[in-house]
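Since the structure comes first, as structure tokens, the remarks are kept for the end.
Nothing in this text is a laboratory measurement; each read-out follows from the coordinates by a stated rule. In this text, all values refer to a predicted model and were calculated from it rather than measured experimentally. As a convention, Cβ positions derive from the backbone with ideal geometry for all residues, glycine included, and neighbour counts pool all protein chains shown.
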Amino acid sequence: MTTVDDHAQTATIRSLIPDWPADFAQRYRDLGLWEGKTFSTRLDEWADLYGESTAVVDGDRRFTYRDLATRATRLAHGLRNIGVGRGDAVLLQLPNSAEFVIGWFALQRLGAVPVHTQPGHRHLEVSYLAGATRAVAYITTDEFARFDHRALASQVADEVESMTSVIIAGDLGDHAADDRFHTFDSLYVNDDRGLGDDRGLGDDRGLNDDGGLNDGGLGDPADPSDIALLLLSGGTTGMPKLIGRTHDDYAYNSRVAGDRSRLDADSVYLAILPIAFNYTWNCPGILSTFRVGGTVVLAPNQDPAVCFELIEREKVTMTAINPQLAPMWLDEREFTENDLSSLKIIEIGSARLADYEARRIIDEFDATLQQILGMSEGLFCATHLDDDPELLATTQGVPVSEYDEIRVIDAEGVVVPNGEIGELTVRGPYTLRGYFDAPEQTAKAITADGFYCTGDLVRRLDSGHLIVSGRIKDQINRGGEKIAATEVEGALLEHPDIRALAILGEPDETLGERSVAFVVIDDGAPELTRRDLQTFTESVGLSAYKAPDVVRIIDEMPLTPLGKMDKNALRAHLG
Ligand code: AMP
């Protein structure tokens with residue numbers, strides 16, 4: 001726990017991500033790519049520039065930019081009162097809701113670091129994230145998708161020593177008497193001027209008398225090169241890796257992604273995919289929309305009928321979906337009576353969109369298809385809105401920054417000519433130089449000269465467009481949800497009847513890819529079904545989407561000459 005006066009981020013949490021080399025950092029600043037502003041400062045600027053425009057629509061609730069800034073300040077005071085300060089990690093696990101946005105900016109006010117946790121994450125993932133980031137607080141909901149997040153939060157707070165507070169956006173239920181628990185609303189300190197008169201927030205804590213400050217006198221304890229947020233990588237090994245993004249780099253990402261989609265003050269962005277995804281939050285997504293004074297509409301779920309109604313009601317101009325939703329959108333399009341004429345851009349990415357599906361989207365919607373290839377580690381590519389239809393249908397876009405340095409390399413690390421398949425590697429002003437507190441993983445993923453090896457196989461056209469043709473990382477992309485094979489293998493090997501097990505991806509019409517478990521069971525043990533493995537996955541506290549979709553029982557695990565599991569041999573058995 002730190003206080004607001006403790007200018008500690010540089011010395012503590014910040015030191016857990018590698019820096020860009022000084023000459024690169026200087027260049028990015030000199031070029032004006034890194035603008036030297038924190039997100040708290042930006043929120044104040046937006047409140048001044050766009051004050052009464054609607055920033056966020058969540059159901060019947062509408063928040064102006066001024067509202068957002070004020071609420072972030074009020075909540076920040078409440079969070080500070082319970083001990084959250086600069087450099088403290090705080091788990092943020094909320095569905096698409098205004099509370100995510102307000103909570104995120106309240107943490108920015110304090111120089112604290114939101115950890116983008118998915119609503120589907122369960123005990124194994126959440127306790128790992130809390131421990132790895134030494135999180136001091138956990139902001140979550142009461143119940144979501146028939147799961148009680150309060151019980152999970154209580155368990156995690158019992159186990160993780162650093163975690164002293166749980167904040168529930170909703171009802172405390174059985175935990176009302178637990179003094180670690182607070183409701184989100186109870187932490188709003190009353191008004192953005194006379195803050196804290198009755199709560200001991202005197203001038204000694206930095207409150208100014210002028211009261212006119214958007215930040216309510218909190219000051220801005222953060223530095224633009226501090227970590228603004230921690231994202232999760234889909235990863236390939238063990239638990240998800242953490243990615244620390246700085247204010248400077250993330251805001252630049254936001255700007256160039258928004259520019260590629262030509263966002264402006266008239267833009268209305270519908271957030272359908274999970275809000276904590278880098279894709280939804282910033283590519284271009286929510287932060288890019290705020291930057292230009294547009295409006296963000298939060299979809300309560302991914303049902304195309306619900307989304308189409310919102311498009312009509314709010315005159316949505318842009319949205320982002322994944323390939324799994326694309327056929328559902330095409331179906332709904334046939335029957336809908338909603339007016340979709342406001343919609344200008346349908347962005348699709350996070351997994352490979354089949355070319356034929358892309359052509360159908362182009363043909364059947366009046367909006368422009370924008371394909372993207374993005375990653376939480378940084379690099380973001382998108383097609384240009386005026387690309388010809390063939391490029392729109394068959395490529396995943398061009399890097400959004402001219403300072404993204406792309407190298408497509410072969411297995412020996414040699415750059416391959418345009419048109420040939422190789423691994424996509426990248427270095428640039430918003431691509432990480434290393435994972436959070438993970439030097440070994442960093443050494444594997446980042447080359448000596450600073451290129452991040454994505455594990456994605458691509459072809460680059462002379463125009464700069466990239467076409468994703470496969471992957472060399474041991475990961476399954478299940479409709480955009482990334483599954484690290486080794487994480488699930490590790491968890492399922494704990495099953496008493498499983499002797500050996502391998503998880504691989506197999507093409508699937510709906511999901512793009514489904515996960516297949518090849519299982520060797522112990523002699524005499526009963527055959528295991530998909531349901532058995534799902535129940536087991538749940539019981540060990542892994543997210544439901546990580547449970548195998550298909551189980552194939554095999555007599556023995558094929559091994560390489562070195563005695564390692566031979567996934568290539570298993571691949572021959574896939575559909
Ligand atoms: P994440 O960090 O979870 O967003 O995952 C990033 C990864 O998603 C990339 O490295 C790719 O493997 C995959 N990905 C994202 N967009 C696409 C796309 N359009 N086509 C194929 N794979 C994609």
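Rounded to the nearest 20, the Cβ-based charge dipole of segment 479-571 about its Cα centre (Lys and Arg +1, Asp and Glu -1) stands at 240 debye. Would you work out which of LEU574, LEU562, TYR545 lies farthest towards the positive end of the dipole of segment 493-575, given +1 charges on the beta-carbon of Lys and Arg and -1 on that of Asp and Glu, about the Cα centre? Final value for the positive-end residue is LEU562. With a cut-off of 11 Å on the backbone N, the residues of segment 325-363 near the modelled label site 7 Å out from GLU312 along Cα-Cβ are 336-341. Relative to the longest principal axis of the Cα atoms of the chain, the long axis of helix 247-260 lies at roughly 70 degrees. The angle separating the long axis of helix 123-133 from the principal Cα axis of greatest extent in the chain is about 60 degrees. Extension gain for the segment SER342 to ASP158, taken as residue separation times 0.36 nm less the Cα-Cα distance, is 61.3 nm to one decimal.
Taking a straight Cα-Cα cut-off under 27 Å and skipping sequence neighbours fewer than 8 places away in the same chain, the lysines within cross-link reach of LYS315 are LYS344. Calculated [222 nm] ellipticity per residue, helices only, for the chain: -8500 deg cm²/dmol; basis is -39500 (n - 2.57) per DSSP H run with n ≥ 4, divided by all residues, nearest 500. Between helix 304-314 and the chain there is an angle of about 30 degrees, using the helix long axis and the longest principal axis of the Cα atoms. In plain terms, the bigger the Kirkwood radius, the slower the diffusion; for segment 479-571, with that radius from Cα pairs, at 20 °C and 1.002 mPa s, Stokes-Einstein puts D at 158 µm²/s. Rounded to the nearest Hz, the phi-derived 3J(HN,Hα) couplings of segment 43-55 under the Karplus curve 6.51 cos²θ - 1.76 cosθ + 1.60 (θ = phi - 60°) are 4, 5, 4, 5, 4, 6, 6, 10, x, 9, 6, 6, 8, where x marks glycine and proline.
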